[in-house]
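Nothing in this text is a laboratory measurement; each read-out follows from the coordinates by a stated rule. Source: prediction; values computed, not measured. Virtual Cβ from ideal backbone geometry, glycine too; neighbours counted across all protein chains shown.
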C-alpha cells in the first residue's frame with residue numbers, strides 16, 4: 001500500500017541503509033566492513049548539514065574485523081555515556097562533559113563489532129525542550145523527540161542503527177514521525193547503566209533502524225539472544241486493536257494508520273478484533289505522569305536545585321508544577337501500575353499482540369514541539385515491548401506509524417508480529 | 001543484655017553519636033548545628049588515623065541553617081557520586097574521577113540539611129576486594145564490606161549517619177560486624193541515580209547509624225516520609241525465626257545472636273516461632289549469583305573489557321568465571337525471583353517480621369576477607385526491608401547482630417519491629 005501513495009516518491013529520494021542487508025553483504029564478502037562504515041560517513045557528510053542529527057562525531061571511526069555488527073555505523077543518543085566522546089545531555093549544564101566509562105549498551109554494541117560514529121541530538125535531558133533537528137521526510141516538521149537525532153539520522157539514510165530512549169514516547173513517536181522502524185524492548189532487556197536517568201521506572205533504551213528485520217538483527221547481536229533474529233513468521237496472529245480512548249481522540253491520520261494496518265493484517269490472515277482494555281489500564285495511563293515527575297525530582301535533583309537557571313524551560317516548568325507531589329501519591333501510583341501490569345498480562349492470554357497508535361498523527365509542523373506522547377506513555381509504564389511500523393504516508397510526505405505490542409518479555413513475538421504487519425502493509 | 005556482657009567496656013570506650021539525640025538537642029537549641037558538625041570533625045580527627053574509614057574529606061564543611069538534618073555530619077560510600085568530592089569507586093580505574101552531579105541520595109541529604117563531611121572507603125566497585133579499614137571494635141578484624149568505611153565511621157563514633165549500598169550483604173553484614181544499626185530499605189525506596197551499578201536488580205542504598213531510632217530519623221528526613229519516624233511501638237509482634245538452612249550452617253556466634261534476640265523478644269511480649277521458608281526461597285537464594293554476575297558483566301563491561309589489568313582481582317576472577325553465563329540462565333533466574341517474591345509475600349500474611357542471621361558469625365580476623373554474605377543475599381534479591389540490630393558481644397569484643405525483616409514496602413514496620421527487638425535486648 002505505501003508504494004502507491006503520495007509521498008513515496010519523496011521517500012525514495014532518501015533511501016535508508018538496511019542493517020540486515022548490509023550485514024548480509026559483509027558476511028558474503030561483497031563489501032568490506034571499513035567500506036560499509038565509510039558509506040555511512042559519506043551519507044552523514046551529505047545530509048547532516050540539512051538535518052542536524054548529530055551533536056558530535058567520532059574522529060576517524062574504524063570498522064572492527066569481527067562481530068555480527070562489524071561494519072555497522074551506529075549513532076548514540078547524547079544522554080548515553082561514551083568514554084571517547086562528550087556526553088552533553090542536550091543541556092549546557094553538561095557542556096564538555098566527558099564520562100569516564102561507556103554505557104553498558106555502548107559496550108554491547110562495541111562487543112558485537114559495531115562502530116560508534118557519533119552522538120545524536122536529544123532534547124535536553126530527554127524531556128520536551130526541542131532540538132534544532134529537522135524531519136528528513138519534510139524539513140518543515142519536527143522529527144519528534146526526545147530521541148530526535150537518532151530517528152532523523154536513520155530516516156535520512158545516514159546510519160543503519162541508532163540508540164534512543166523512551167520515558168513517555170521518545171522512541172516510538174519519533175520513529176513514527178520519521179517513517180522508520182523502532183523497538184522499545186521489554187523493560188530491562190537493555191541495561192540502563194550509563195544512561196542519564198529521568199525516571200527509573202520508565203526509562204527504556206530503544207533501537208531505530210530502517211525496517212523491522214534490521215531491529216531484530218541489531219537487538220539480537222547486542223544481547224546475544226539469537227531467538228530475536230526472526231525465525232518462523234507468525235501466519236495467523238490474533239490481533240487486538242486498541243484505540244486508547246482514555247488518551248483522547250487521535251488526529252485523522254493517526255486513526256487512519258491503525259485502520260490501514262489492521263485491514264492489511266486481516267487480509268494477510270490475522271484475526272483482527274477491536275479490544276477495550278480493562279479500566280485499570282486507563283488508570284495506569286492517568287498516573288504515568290505521577291511516577292515520571294516524582295522520580296524526575298529525585299533524578300534531576302542536582303540539576304534542578306543547583307542549576308535552576310540553566311535548566312531547559314519546559315522541563316523546569318514541569319518540575320516546578322510537580323514540586324508538591326507527595327510520596328503517598330507516588331506510592332498509590334506505583335500500586336496502580338502493578339495492578340495494571342497484571343491485568344495487561346491477562347489481555348495477552350486472549351491475543352498475540354495489540355495494535356495501536358504510535359502517535360496522535362503525523363509530525364507537527366515547526367520545531368516548537370516534539371509532539372505528544374499520550375499514546376505511548378501507558379506502554380512505557382507497562383514495560384511491554386513495542387515496535388513502530390510505518391503504516392502510510394499522509395499529506396506533505398509525512399509518514400504515520402502504528403505500534404505493535406506484545407506481552408512483557410516476549411520481544412521475539414513483538415518483532416515477528418511487527419514484521420507480519422510490515423509485510424502485510426507492503427503487500428497492500 | 002549487652003550492658004552486662006564482656007566487651008561492653010570496650011564498647012563504652014567508643015561512644016557513638018546518636019542522630020536522633022543530636023537532632024533533639026539541635027531542635028532544643030542546646031547545640032548549634034555548626035557545633036554539632038564540628039563535634040564530628042573532631043571525632044574524625046581523633047579516630048580516623050587508627051580506623052581508616054575515609055577516602056577523602058570535605059574542605060571546611062559547614063552546617064545548614066534549616067532542615068531536619070541540619071548539624072548532622074554524613075559520610076558517603078565512595079561509589080556514590082558527589083559533585084564536590086572525587087568518587088573513585090575504590091579502584092585506580094576511577095583515580096581522581098570527579099562526577100558532574102551529586103547522586104540523588106546525596107541531594108536528598110543536602111535538601112534535608114545534612115552536611116557531607118567526606119567519602120568513606122568501599123571495596124573496589126562494592127565487590128569483595130577488601131579495603132584497609134579496621135573494625136573499631138577490634139582492630140585485628142575486618143569491619144566487613146563492601147560499605148566498610150561507612151560502617152566503621154559510625155561505629156567509631158565519628159559521624160551519626162553514613163550511606164552504604166548492598167548487592168549481596170554489604171550493608172547488613174558490616175553493621176553486624178561493627179555493632180551498629182543499619183537499614184537496607186525496600187528496593188527502590190532510595191533512588192540509585194548516581195550510584196555505581198553492580199547489579200540493577202540487587203543494588204540497594206542503605207543507612208548506618210548508632211541505633212534503630214537514628215535510622216528512622218535519617219530515612220524519614222531523606223525521603224520526606226514522616227511515617228518512618230517510629231510512632232506507636234508494636235507491643236506483640238508475630239515473629240518468625242528463620243535459620244536459612246539452604247545457606248549452610250552459621251557459626252556458633254551467629255546462631256547465638258538469633259537465639260538471644262528471639263528469647264528477648266519473647267520475654268518482651270512477642271509471639272515467636274520457628275519458621276521454615278517455602279522451597280522457592282531456597283531456590284531464589286541459589287540463583288542470586290546468577291542475577292548478580294550476569295548483570296555485573298553488563299554493568300562493568302567498560303571496566304572489565306577495557307581496563308582488565310587494573311580490575312580488582314577478586315571481582316575480575318568472579319567475572320572470568322561467569323563469562324559464559326547465558327541469557328537463558330539469567331531469564332530463568334529472574335523467573336525464580338518473581339515466584340519467590342510472591343511466596344515471601346504470603347509468608348508475611350502469617351508473621352509481622354522475620355528474624356534471622358545478619359552474618360554467619362562475628363567479623364573474621366584479619367583484612368583478607370570482608371566476610372560472607374550468604375545470610376544476606378536472599379533478602380537483597382527479594383527487596384524486603386532489613387534492619388540490623390546488634391544482639392550481643394562475642395569474644396574479643398566483637399558484636400554480632402540479627403536481621404529484622406518486614407514485608408516489601410513496609411519499612412515503617414521493619415523499623416518499629418527492629419526497635420522492639422533492640423529494646424527487648426537492652427532489657428535483657
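The stretch A:220-299 and the stretch B:343-358 have Cα centres lying 39 Å from one another.
Across peptide A:327-334, how many C-beta atoms of other chains are within 10 Å of each residue C-beta, on average? Don't skip to the answer; put the middle values down first.
On the way: counts 7, 2, 0, 0, 3, 0, 0, 2.
That average works out to 2.
If packing is taken as the average number of other Cβ atoms within 10 Å across a peptide's residues, how do B:418-424, A:79-85, B:115-121 rank, most packed first?
Numbers: B:418-424: 24.1, A:79-85: 22.3, B:115-121: 25.9.
Those peptides, ordered most packed to least, come out B:115-121, B:418-424, A:79-85.
The mean number of Cβ atoms from other chains found within 10 Å of a Cβ in peptide B:93-106 is 4, as a whole number.
Per the Kirkwood definition applied to all pairs of different Cα atoms, how many angstroms is the hydrodynamic radius of the stretch A:123-244?
Values: mean 1/r = 0.0662 Å⁻¹.
When all Cα pairs of the stretch A:123-244 are included, the Kirkwood radius is 15.1 Å.
Partner shielding of A:184-193 amounts to 3, given as the average count of beta-carbon atoms from other chains within 10 Å of each residue beta-carbon. Both numbers refer to the Cα atoms of the stretch B:270-392; Rg and Dmax are 17.3, 55 Å. The stretch B:140-170 and the stretch B:36-50 have their alpha-carbon centroids 16 Å apart.
When only alpha carbons are used to place a centre, the stretch B:408-428 and the stretch B:86-120 end up 30 Å from one another. A convex hull fitted to the Cα coordinates of the protein assembly as shown yields 146 cubic angstrom per residue. Note down the relative contact order for the stretch B:95-238 as a percent, whole number, built from C-alpha pairs under 8 angstrom at least six residues apart. Over the stretch B:95-238, the number comes to 22 percent.
To one decimal place, what orientation-averaged projected area in nm² is obtained for the convex hull of the Cα set of the stretch B:56-131? Could you put the intermediate results ahead of the total?
On the way: hull surface 20.1 nm².
The directionally averaged projection comes out at 5.0 nm².
Overall, the ratio between the Cα radius of gyration of the stretch B:348-428 and 2.2 N^0.38 Å, rounded to two decimals, is 1.17. Think of it as helices only: each DSSP H run of n ≥ 4 in chain B is worth -39500 (n - 2.57), and spread over all residues that comes to -12000 deg cm²/dmol at 222 nm.
With N the number of residues in the stretch B:34-162, Rg(Cα) / (2.2 N^0.38 Å) evaluates to 0.99.
Overall form of the stretch B:337-376: oblate. Here a/c, set by the Cα gyration tensor axes a ≥ b ≥ c, is 1.5 or more, and a/b is not larger than b/c. Projecting the alpha carbon convex hull of chain A along each direction and taking the average yields 18.4 nm².
In what sequence, highest mean first, do B:184-192, B:209-217, A:27-35 appear when ranked by Cβ atoms within 10 angstrom?
Numbers: B:184-192: 22.7, B:209-217: 26.6, A:27-35: 13.2.
Packing proxy ranking, top to bottom: B:209-217, B:184-192, A:27-35.
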